[in-house]
Amino acid sequence: MSKTAIPISGRTVAITGGARGLGLATAKAVAERGARVAIGDLDGDLARVEAAALPGPGPHAGYSLDVTDPESFEAFLVQASELGPLDVLINNAGIMPVRAFAEEDPIVTRRQIEINLLGVTTGARLALARMLPRGSGHIVNVASAAGRVAVPGEAVYTATKHAVVGFGDALRAELRGRGIEVSTIMPSLAATELAAGMQPPRFVPMVKPEQVAKAIARVLERPKLEVYVPAWTTPLIRMTLAMPPSLRDRTRALFGIDEMGGAVDSEARASYEQRYQRPVAADEHELAER
C-alpha cells in the first residue's frame with residue numbers, strides 16, 4: 001500500500017452502474033473529494049439526473065451504458081473523456097439472482113456472466129487502451145465477499161465474483177511496473193436493491209453503500225489489491241480459505257451462510273427478479289446494477 005495518499009481531486013473517474021446503490025454512493029464520495037465523475041448506467045436519464053446532483057466542483061456527467069455491449073462501453077469512455085483523460089474506471093455494474101442452480105434459467109446464467117464478468121473484462125480492456133500510453137491509471141473492480149466465500153443459491157453469481165477476483169490478481173501481475181493500479185473490492189451483503197428480501201450472514205450486519213464508497217475512495221488514495229468491507233471480516237475470510245472443507249462447512253454453518261439462499265422473501269424481491277429475467281432494451285430502466 002502506498003504510504004503517501006494520492007489526491008482524488010482533479011482525477012476523472014468513470015463508474016459503471018453508477019446511477020443507484022453502491023455506484024451512486026461511490027460517485028458521491030469521489031465527487032466530494034474533487035473528482036470529475038462520469039456515471040454510466042443502462043438508465044441514461046437517471047444517470048444524467050444523478051450526475052447533475054453530484055457535489056464538488058465537477059464537472060460531472062451521466063451517460064447511457066450497457067456493459068454487455070463493447071460499442072456502448074467504448075462510447076461511454078469516449079464521452080467520459082470530455083471531462084478529462086480517464087484516470088479511474090470503477091467496474092461496479094452487477095446483478096445477483098438468488099435461486100438453486102438446477103432451477104436457474106440458462107438465460108439468467110448467461111446474463112450474470114455477461115454483466116458481472118465480461119462487463120468487467122471489457123471495461124478493463126478499453127480503459128487500459130487509454131491508461132497504458134499515459135503510464136498511469138487505476139482500475140477498481142467491485143466484486144463481493146462471494147468472490148472468496150461460496151454462497152448456496154448464488155452458484156453462478158459466486159462463480160463470476162471468484163472470476164473477477166482472479167482476474168484482478170492476474171491483471172495486477174501483468175501491469176506491475178507500468179503505472180497502472182488494480183484493486184478488487186469485496187463487500188459483504190450490501191443494503192441495496194440487489195439484496196432485496198435477503199438477510200445478511202449471522203454476526204455480519206448489512207453493509208451500507210456509504211461504507212463501500214468510503215473503502216473505494218481510500219483505495220484510490222492508497223492503492224491496494226484487495227479490500228474487504230467491512231474490514232474486520234478480512235482475517236476471518238482469509239482464515240476460512242485456509243481451512244479443510246469439513247471445518248469450512250462448520251464455519252459456514254456458524255455464520256448461517258448456507259441458509260442465505262433459502263431464507264429469501266420472494267415477494268420483496270419480485271420486482272428486481274422481473275427485470276433481470278426478461279430481455280432488457282437499451283432504453284429500459286437499469287437492471288438494478290448494484
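Taking 0.36 nm per residue of sequence separation and subtracting the Cα-Cα distance, how much length would be gained by fully extending the chain between Arg176 and Ala5, in nm to one decimal?
59.6 nm
Just to confirm the number: angle between the C-alpha axis of helix 119-131 and the first principal axis of the chain, 0 to 90 degrees, nearest 10?
For 119-131 against the chain, the angle is about 30 degrees.
Specify which residue in the list Val212, Val37, Val227 is farthest towards the positive end of the charge dipole of the chain, using unit charges on the beta carbon of Lys, Arg (+1) and Asp, Glu (-1), about the Cα centre.
Value: Val227.
What does the accessible area per residue of segment 1-147 come to in Å², with a 1.4 Å probe and no ligands, DNA or RNA counted?
Value for segment 1-147: 38 Å² per residue.
Counting only residues 5 or more places away or on other chains, whose amide H sits under 5 Å from the amide H of Tyr228 once H atoms are built in the peptide plane?
Met186
In Å and on Cα atoms, what radius of gyration and Dmax does segment 53-104 show?
According to the Cα coordinates of segment 53-104, Rg and Dmax are 15.7, 50 Å.
Residue by residue, what Karplus-based ³J(HN,Hα) values in Hz, rounded to whole numbers, does segment 59-64 have, using 6.51, -1.76 and 1.60 with θ = phi - 60° and x for Gly and Pro?
Taking θ as phi minus 60°, the curve returns x, 10, 7, x, 9, 6 Hz for segment 59-64.
Report the Stokes-Einstein translational diffusion coefficient (µm² s⁻¹, integer) for the chain, Rh taken as the Kirkwood radius over Cα pairs, at 37 °C with viscosity 0.692 mPa s.
In µm²/s, the coefficient is 173.
Can you give the charge dipole size of the chain about its Cα centre, rounded to the nearest 20 debye, using +1 on the beta carbon of Lys and Arg and -1 on the beta carbon of Asp and Glu?
The calculated dipole for the chain is roughly 1420 debye.
Using amide H atoms built 1.01 Å from N in the peptide plane, name the residues 5+ places from Ile90, or on other chains, whose amide H lies under 5 Å from its own.
Under 5 Å from the amide H of Ile90 lie the amide H atoms of Ala14, Ile15, Thr16, Val140, each far enough along the sequence or on another chain.
Can you give me the distance in nm between label points at Phe203 and Val49, each placed 7 Å from the Cα along the Cα-to-Cβ direction?
Distance between label points: 4.2 nm.
Rounded to the nearest percent, how much of the accessible area of the chain (1.4 Å probe, protein heavy atoms only) is carbon and sulfur?
Summing carbon and sulfur atoms, their accessible area is 56 percent of the total for the chain.
Could you sort 21-32, 223-234, 98-109, 175-186 so that the peptide with the highest average Cβ count within 10 Å comes first and the rest follow in order?
21-32, 175-186, 223-234, 98-109
Based on the Cα coordinates of segment 1-117, what is the per residue volume of their convex hull in Å³?
Taking only Cα atoms, segment 1-117 has a hull volume of 119 Å³ per residue.
Given the rule -39500 (n - 2.57) for each run of at least 4 DSSP H residues, summed and divided by the residues of the chain, what is its mean residue ellipticity at 222 nm, to the nearest 500 deg cm²/dmol?
For the chain, the value works out to -12500 deg cm²/dmol.
The values are calculated or read from the model by the stated rules, or taken from the named source; none is laboratory data. Predicted model, so just to flag it, every value in this text is computed and none were measured. Backbone-built Cβ (ideal geometry, glycine too); neighbour counts: all protein chains shown. Note: accessible area is taken over every heavy atom of the protein model, side chains too, but ligands, DNA and RNA are not part of it. Shrake-Rupley method; radii C 1.70, N 1.55, O 1.52, S 1.80 Å.
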